[in-house]
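Novice: First, the structure itself, so that you have it in front of you.
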Amino acid sequence: MLPSLLRSFVLRVGLALLPALLPAAAPRSTALELRDGDTLVFLGDSITHQCLYTQYLENFFFTRYPERRIRFHNAGISGDRAADALARFDADVAAHRPKYVTVLLGMNDGQYEDFKAETFARYAAEMGRLLDRIREIGATAIVLSPTIFEYPVVEARKDDPTFRFRERSFAPNYNAVMAYYGAWGRDQAPRA
C-alpha cells in the first residue's frame, strides 16, 4: 500500500495527465488572421481610448506584415460602459465592416463599487447583446479582461487639489470585482 502522501501525488499526476490521454476536440484557432484589406476595431473605454495596447497590436502587424493594408479603428471612449458601446455600435463598429472587434469594457460598468449582483447582471446582459451584434455583422469578438484598478494610486492622490476624482469613493477591493467580470468574459469566448 502506498503512503497517503505518495498516493495523493500519484492521483494528482494521473488527473493532470488524463486530458492528454483523451481524444482531443478540434482545436480552435487563436491566431489573428488579418489579411490585406481587413479591419480590426478596438471597442472599449478609456483603457482603449488611450491607444496603448492598441498601438502595440498595430505596431506588431505593421512591422511583421508591411505589405498588408490592414485598417485599425480605435473606438474607445473614456467613461464608456457596455450600454454606451451598444448605443454607438452602428457608427463606431459596424460601419467599418471589421473582421475582428476587441472588446475591453467593465471598469466603468462595475461603478467602482463592491460587487452588486444587479450591476453585474446589467453588464452581462448588455455585453451579451454587444457580442450578438458583433456576430450579426460577421465579425469575431475578442473579449478582453478589464485591467487592474490602482486603488493605492487613487488614495495617494486624494489630497491633490488638481485630482478630478478626489471627492469620489472607490471600493478598495475593486480588482476582485473586475476579476469576476473578466472571468465572465473568458466564459463568453466560445460564444464570440
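Coordinate-derived values only; no laboratory data. Please read all numbers here as calculations on a predicted model, not as lab measurements. Quick reminder, even Gly has a Cβ in these numbers, built from the backbone with ideal geometry, and neighbours come from all protein chains shown.
Novice: For the stretch 172-192, name all the residues that are aliphatic (A, V, I, L, M) and either assigned to a loop (DSSP other than H, G, I, E, B) or touching a Leu at 6+ places or on another chain (Cβ under 8 Å) (or both).
Specialist: Of everything in the stretch 172-192, those that are aliphatic (A, V, I, L, M) and either assigned to a loop (DSSP other than H, G, I, E, B) or touching a Leu at 6+ places or on another chain (Cβ under 8 Å) (or both) turn out to be 189, 192.
Novice: Give me the pairs, please: first residue somewhere in the stretch 137-157 and free of Cβ contacts under 8 Å to residues at least 40 places away in the same chain, second residue anywhere and assigned to a helix (DSSP H, G or I) and surrounded by 12 or more Cβ atoms within 10 Å (Cβ to Cβ), beta-carbon distance under 8 Å, and either six or more positions apart or on two chains.
Specialist: Within 8 Å, the pairs are 148/175; 148/178; 151/174; 151/175.
Novice: Of everything in the stretch 91-121, what is free of Cβ contacts under 8 Å to residues at least 24 places away in the same chain and over 20 Å from residue 173 (Cα atoms)? Give them in sequence order.
Specialist: Passing the criteria: 91, 95.
Novice: Any residue at all in the stretch 120-132 that's hydrophobic (A, V, I, L, M, F, W, C), assigned to a loop (DSSP other than H, G, I, E, B) and more than 17 Å from residue 45 (Cα to Cα)?
Specialist: No, the stretch 120-132 contains no residue that is hydrophobic (A, V, I, L, M, F, W, C), assigned to a loop (DSSP other than H, G, I, E, B) and more than 17 Å from residue 45 (Cα to Cα).
Novice: Just one of 40, 57, 34 is closer than 18 Å to residue 103 by Cβ, over 16 Å from the mean Cα position of the chain (by Cα), aliphatic (A, V, I, L, M) and surrounded by 11 or more Cβ atoms within 10 Å (Cβ to Cβ); which is it?
Specialist: Sole residue among the options that is closer than 18 Å to residue 103 by Cβ, over 16 Å from the mean Cα position of the chain (by Cα), aliphatic (A, V, I, L, M) and surrounded by 11 or more Cβ atoms within 10 Å (Cβ to Cβ): 34.
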